[in-house]
Amino acid sequence: MQVSVDRDRCCSSGMCVMNVPEVFDQDDRDSLVRLRQTDIRPDQVADVRLAAELCPGGAITVTEDEPADG
Ligand code: SF4
């Protein structure tokens with residue numbers, strides 16, 4: 001799974017950083033979200049999905065990996 005963020009939609013609430021600090025961070029200068037990683041490990045999937053659901057700005061997008069052929 002991949003995660004991406006739209007900094008134009010981020011309102012700096014910091015909820016994602018509190019919930020999944022290993023994935024999300026806030027910029028020291030403008031407090032907008034930054035990603036620490038874009039590839040999400042299986043053990044992080046549930047937390048990242050929840051962070052996307054709870055984001056008040058709708059700034060977090062999760063994308064499923066393409067299924068392997070075969
Ligand atoms: S939860 Fe959403 S609005 Fe809040 S800091 Fe994270 S990306 Fe920005």
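What follows draws every value from the coordinates through simple rules; no lab data is involved. Keep in mind that what you see is a predicted model, and the values were worked out from it rather than measured. Every residue, glycine as well, gets a Cβ built from its backbone with ideal geometry; the counts of neighbours run over all protein chains shown.
Taking 0.36 nm per residue of separation and subtracting the current Cα-Cα distance, fully stretching the chain between ASP30 and ASP43 would add 1.7 nm.
For ARG34, the amide hydrogen comes within under 5 Å of the amide hydrogens of ASP25, GLN26, ASP27, counting only partners 5 or more places away or on other chains and with H modelled in the peptide plane. Above 14 Å lies some portion of the pair distances; for the chain, what is it as a whole percent of all C-alpha pairs? Of the Cα pairs, 54 percent sit more than 14 Å apart. Across region 2-63, C-alpha contacts under 8 Å between residues 6 or more apart give a mean separation that, scaled by the residue count, equals a relative contact order of 46 percent.
Dipole magnitude for region 2-63: about 80 debye, using +1 per Lys or Arg Cβ and -1 per Asp or Glu Cβ, origin at the Cα centre.
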